[in-house]
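Q: The structure under discussion is supplied below as structure tokens; questions concerning it will follow.
The values are calculated or read from the model by the stated rules, or taken from the named source; none is laboratory data. The shown structure was predicted, so the numbers you read here are calculated from the model rather than taken from an experiment. Cβ placement follows ideal geometry from the backbone for every residue including glycine, while neighbour counts extend to all protein chains displayed. These accessible areas exclude ligands, DNA and RNA; they are computed on the full protein's heavy atoms, side chains included. Shrake-Rupley method; radii C 1.70, N 1.55, O 1.52, S 1.80 Å.
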Amino acid sequence: MSTFTIDTSTSRATPSPVPGKRTTAPSIRARKAGGKTEQPIVMLTAYTMRMAQLLDPHCDILLVGDSLGQVIYGLPSTIPVTMEMMCAHGAAVVRGSWHALVGVDMPFGSYEGSPEQAFASASRIMKETGCAAVKLEGGEAMAETIAFLTHRGIPVIGHVGLTPQAVNILGGYGARGKSDKEAKKILADARAANDAGAFAIVVEGVMEGIATDISRAVEAPVIGIGASAECDGQVLVTEDMLGLFERTPRFVKRFDDLATRIGQAAAAYAAEVRSRSFPTTEQMYQPKPKI
């Protein structure tokens, strides 16, 4: 478990005492020395204040992913996710955390038009949420935009390989890099994101060897999801990792089975309500005895 020192001092930069010093983009980038991170970077998704509170002590990065479209809103893909959704959930996660760097996904349509559009969207996200970074999908095609943002004070996490916002072009969510041509393109995308200034790069849903090659080829830490154990860190959708869905992608390890446990708890509650065994006097307010 991570540990951190509480600093209650104040200054003009921090006028109110804060519980602890957050992880920063430069400190994440610096974790990769000599071509590899000594201790892998831990990233999980978070969409709510309470989940952020629970995950924060254990994570280096909390990602407010546009996967919230499917996990929270029941949407068929990430395409319909809006800026308003990302800002609302991003702000909640920032409020619920104090240690991890919070990054927020830029939703589809908010950055692809031009670097100027991307800056307007990213600056809005950072202002409204208080997050420390944004994440955007794409490599070579987005290199100019990544450089534009980083040169203007916005830390960027890149995302290459299987890019869910491009599902309509890719034709599905299958693993990428099965052909030599596609493998070379993914490696080129990662290098472009790195050279443009991304402080970390998510590599999703690729053949293991490609992820290993990328990790060795770029200076930025590579965070895998359905990639390779040789990556500099790992990320999963928290609800998948906790077993809140019965079906999960192949690359997910379910560290718990909360779907079953929540169902059992709800069934027990329903049974007690119907039998009138809940509530008991322990859960009801009674007048205080008169003296």
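Q: What order, most packed first, do the peptides 145-154, 217-226, 271-280 have when packing is the mean number of other Cβ atoms within 10 Å of each residue?
A: Details: 145-154: 18.5, 217-226: 24.0, 271-280: 10.2.
So the order, starting with the most tightly packed, is 217-226, 145-154, 271-280.
Q: Quick check on the chain: of the DSSP beta bridges with both residues there, what percent are antiparallel, nearest 5%?
A: Numbers: 4 of 32 bridges.
Of those bridges, close to 10 percent are antiparallel.
Q: For segment 176-291, compute Rh as the Kirkwood radius over C-alpha pairs and then the Stokes-Einstein diffusion coefficient at 25 °C and 0.890 mPa s; write the answer in µm²/s, rounded to an integer. Before the final figure, lay out each step's value.
A: Details: Rh = 17.9 Å.
So the translational diffusion coefficient is about 137 µm²/s.
Q: Quick one: accessible surface of Thr281, probe radius 1.4 Å, all protein chains present, in square angstrom to the nearest 10.
A: Counting only protein heavy atoms, Thr281 exposes about 100 Å² to solvent.
Q: With every protein chain kept in place and ligands, DNA and RNA left out, what is the accessible area per residue of segment 186-291? Probe 1.4 Å, answer in Å². All intermediate terms of the calculation are to be shown ahead of the outcome.
A: Numbers: 6460 Å² over 106 residues.
On a per-residue basis, segment 186-291 sits at 61 Å².
Q: Farthest toward the dipole's positive end in the chain, which of Pro26, Ser123, Val94, given Cβ charges of +1 (Lys, Arg) and -1 (Asp, Glu) about the Cα centre?
A: After comparing all options, I get Val94.
Q: Roughly how many percent of the accessible protein surface of the chain is carbon and sulfur, given a 1.4 Å probe and a whole-percent answer?
A: Working: 8750 of 15470 Å².
Carbon plus sulfur share of accessible area: 57 percent.
Q: I've got another one for you. For segment 67-177, what does the alpha-carbon gyration tensor say about shape, rounded, prolate or oblate, given a ≥ b ≥ c as the root eigenvalues, a/c under 1.5 as rounded, and a/b over b/c as prolate? Spell out each step's value before the answer.
A: Working: a/c = 1.72, a/b = 1.15, b/c = 1.50.
It comes out oblate by the Cα gyration axes.
Q: Suppose we keep just the DSSP beta bridges with both residues in segment 132-263; what percent of those would be antiparallel, to 5? Kindly include the intermediate steps, with their values, before the conclusion.
A: Working: 1 of 15 bridges.
DSSP beta bridges in segment 132-263 are roughly 5 percent antiparallel.
Q: Follow-up question, since we're still on this one. Between segment 232-291 and segment 137-166, what is the C-alpha centre distance in whole Å?
A: 38
Q: Based on alpha-carbon centroids, what's the gap between segment 189-220 and segment 51-85 in Å, whole number please?
A: Each part reduced to its Cα centre gives a spacing of 22 Å.
Q: For segment 56-100, with every protein chain kept in place, what is the accessible area per residue (1.4 Å probe, Å²)? Before the final figure, lay out each step's value.
A: Details: 1470 Å² over 45 residues.
About 33 Å² of surface per residue is accessible.
Q: Same structure again: If each DSSP helix of 4+ residues adds -39,500 (n - 2.57) and the sum is divided by the residues in the chain, what number results at 222 nm, nearest 500 deg cm²/dmol?
A: It comes out at -10500 deg cm²/dmol, rounded to the nearest 500.
Q: Here is a follow-up. Pairing the Cα long axis of helix 83-95 with the longest principal axis of the chain, what angle in degrees results, from 0 to 90 and rounded to the nearest 10?
A: Helix 83-95 and the main axis of the chain meet at about 60 degrees.
Q: Also, quick follow-up: Could the peptides 247-259, 130-142 be put in order, highest first, of the mean number of other beta-carbon atoms found within 10 Å of their residues?
A: Put in order of decreasing packing, that is 130-142, 247-259.
Q: May I pose another question? Compare the peptides 96-108, 169-181 by average per-residue count of other Cβ atoms within 10 angstrom and give them in order, highest first. It would help to have the intermediate numbers written out before the result.
A: Numbers: 96-108: 23.9, 169-181: 12.5.
Highest mean packing first, the order is 96-108, 169-181.
Q: Oh, and also: I need the per residue convex hull volume for the chain, using only the alpha carbons, in cubic angstrom as a whole number. Could the numbers behind the result be given before it?
A: Working: hull volume 53.2 nm³, N = 291.
With only Cα atoms used, the chain gives 183 Å³ per residue.
Q: If every alpha-carbon in segment 118-175 counts as one equal scatterer, what log10 I(q)/I(0) does Debye give at q = 0.23, 0.27 1/Å?
A: -0.90, -1.06
Q: If you don't mind, there's one more thing I want to ask. If the cut-off is 28 Å between C-alpha atoms, which lysines fall inside it for Lys36, apart from same-chain ones fewer than 8 positions away?
A: Reachable lysines: Lys21, Lys135, Lys178, Lys181, Lys184, Lys185, Lys253.
Q: Given a 1.4 Å probe and heavy atoms of the protein chains only, how would you sort His58, His159, largest accessible area at the top?
A: Numbers: His58 90, His159 10 Å².
Greatest to least solvent exposure: His58, His159.
Q: How big is the charge dipole of the chain about its Cα centre, in debye rounded to the nearest 20, if each Lys and Arg gets +1 on its Cβ and each Asp and Glu gets -1 on its Cβ? Let's see the in-between values first.
A: On the way: 29 positive and 30 negative charges, 165 e Å.
With only Lys, Arg, Asp and Glu charged at Cβ, the dipole is about 800 debye.
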